[in-house]
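Below: the structure, in structure tokens.
The values are calculated or read from the model by the stated rules, or taken from the named source; none is laboratory data. For clarity, every value in this text was computed on a predicted model and none was experimentally measured. Virtual Cβ from ideal backbone geometry, glycine too; neighbours counted across all protein chains shown.
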Amino acid sequence: MTDKDYMRLALEEAQKAAELGEVPVGAVVVCGGKVVAQAHNTRETEKNALHHAELLAIDKACKALGGWRLWQCDLYVTLEPCPMCTGAIINSRIQRVVYGASDEKAGCCGSVTDLTKLPLNHKPQLVKGVLQQECTAVLQSFFTGLRKERETERNKTKMKKLYETDRQKILDYIMAEPEMNLFFIGDIENFGVDTKEVEVFAHQKGDSFDSLILRYTTNYIVYSQTPETFDAEPVIKFLSTRKRRCLSARGDIMERIAPALGGTPRPTYMSRCNAVAQRAPIQAKGVTVRSLVPDDAAAIVELFCQIDEFKDGYLGHEAEMEEEERLNLCNGGRGYGAFYEGKLISYAQTSAENSLGAMITGVATLPAWRRRGFAGAVVSSLCQMCFNDGMQFLCLFYDNPAAGSIYRQLGFEELGVYTMLRGMDTANV
Ligand SMILES: [Zn+2]
């Protein structure tokens, strides 16, 4: 057998290392024409810095031959030996070292330095560049593969921005739960997939979505068809770098992301109405109920600034919020209000209107006017207006049982928990 033949055996060993995900280096020890040891790099697999192919081959050869002096042996290795292995070669008295590829970074048989030329008691003979191309290729293809793998791995943990061309695919995914995804559907239908107001991001799992995030101004919605098993990490990573005012998701989805994001989750009940069961009458003198127009935006903000559950988000942000209310009323949102002497005293609006239904939000009554049925009257009038216009259902959140019983009387039915995470005016990074 020639040097090339033995080097081919070393290359087979290198291939075994590659299959283990190890840097592919293989070594063979030959004594009197007979292969006495073969080994490959197992540094990662064995979690051991000493497990270079040459050291393992030398170890095996000593055991096979029953002694530490390998003065009649040749060592074949696919990559130029490092300082540690060159030291072992010298100490084991190997007579001849044959290697394939040079190692510009760590090679100590000619590249970085040549330890065999030092005035030590043993100087092995060196033969370089045997099957050099093959030995280099096996290393190169390993590192190219590794880079690609890392790239894919990085992409796997990233939310990818979607565009108008993805609209149908997004809708198909979120339509699995049209009520829970009312905001999601409505925002896409009213603004688009990639606009100033709305953007959608996806985490892919194979060809389908694992999760979606929708941004509406500084509000975010997360949805996954598989709340228990979706990969929460990319979602958390994405949201933790964003300035957000409100984040919302189904209760079980929020449970998986809220702990890592901070803030206080506020679980609410999501309910659905298919027909108005009871139209609450107005029993107050001088109070009129009518639908709202974009110019009522200032009156809505003024009302919210006086209501405990809302004022935190409104006080100090009046201009911004007025713009948002106006935007909602201009873009498919409807509002209904009760007025007394021109002042808005009770209010409800739709948001996220879409072809099937809408969400009723912002139900609020000034403290002095409560417990007189205004909220019920406003909500039922608003629902009736929506049903008259052909909607199939309306959804509504409430967070306390008392509110729940009022809405049940109007014809709402509970669907499940939906959670909002507020109080994040700045990104927590
Ligand atoms: Zn080494």
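Taking helices (runs of 4 or more DSSP H) that fall entirely within the range 73-188, which contain at least 2 residues that are out of contact with any His (no Cβ under 9 Å at 6 or more places or on another chain) and within 16 Å of the ligand (Cβ to nearest atom)?
Ranges flagged: 83-91, 132-156.
Would you be able to say whether some residue in the range 56-64 is in contact with a helix residue (DSSP H, G or I) (Cβ under 8 Å, 6 or more places away or on another chain) and within 16 Å of the ligand (Cβ to nearest atom)?
Within the range 56-64, one or more residues are in contact with a helix residue (DSSP H, G or I) (Cβ under 8 Å, 6 or more places away or on another chain) and within 16 Å of the ligand (Cβ to nearest atom).
If Gly32 passes every condition in (1) within 49 Å of the chain's Cα centre (by Cα); (2) more than 13 Å from the ligand (Cβ to nearest atom) but one, which one does it miss?
With respect to (1) within 49 Å of the chain's Cα centre (by Cα); (2) more than 13 Å from the ligand (Cβ to nearest atom), Gly32 is out only on (1).
What are the residues in the range 297-329 that are in contact (Cβ under 8 Å) with a residue 40 or more places away in the chain, among the hydrophobic types (A, V, I, L, M, F, W, C) and more than 12 Å from Val363 (Cα to Cα), if any?
Ala299, Leu327
Kindly indicate whether Leu50 is in a helix (DSSP H, G or I), within 13 Å of the ligand (Cβ to nearest atom) and either under 19 Å from Lys123 (Cβ atoms) or touching a residue at least 24 places away in the same chain (Cβ under 8 Å) (or both).
Criteria not met by Leu50.
Among the numbered conditions (1) outside any helix (DSSP H, G or I); (2) within 14 Å of Ile174 (Cβ to Cβ); (3) at pLDDT below 95, tell me where Val222 comes up short.
Among (1) outside any helix (DSSP H, G or I); (2) within 14 Å of Ile174 (Cβ to Cβ); (3) at pLDDT below 95, the lone unmet condition for Val222 is (3).
Here is a list: Gly357, Gly332. Which entry is crowded, with 21+ Cβ neighbours inside 10 Å and in contact (Cβ under 8 Å) with a residue 40 or more places away in the chain?
Answer to the selection: Gly357.
Out of everything in the range 68-93 that is in contact (Cβ under 8 Å) with a residue 60 or more places away in the chain and out of contact with any Phe, Trp or Tyr (no Cβ under 6 Å at 6 or more places or on another chain), what residue ends up being nearest to Asp3 (Cα to Cα)?
Asp74
Please go through the range 83-106 and pick out each residue that is buried (at least 22 other Cβ atoms within 10 Å of the Cβ) and under 13 Å from Glu54 (Cβ atoms).
The answer is Cys85, Thr86, Ile89, Ser92, Ile94, Val97, Val98, Tyr99, Gly100.
One line per residue, one yes/no per condition, for (1) modelled with pLDDT of 85 or more; (2) surrounded by 23 or more Cβ atoms within 10 Å (Cβ to Cβ); (3) touching a Lys or Arg at 6+ places or on another chain (Cβ under 7 Å):
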site: Thr350; (1), (2), (3): yes, yes, yes
site: Val379; (1), (2), (3): yes, yes, no
site: Phe387; (1), (2), (3): yes, no, no
site: Asp425; (1), (2), (3): no, no, yes
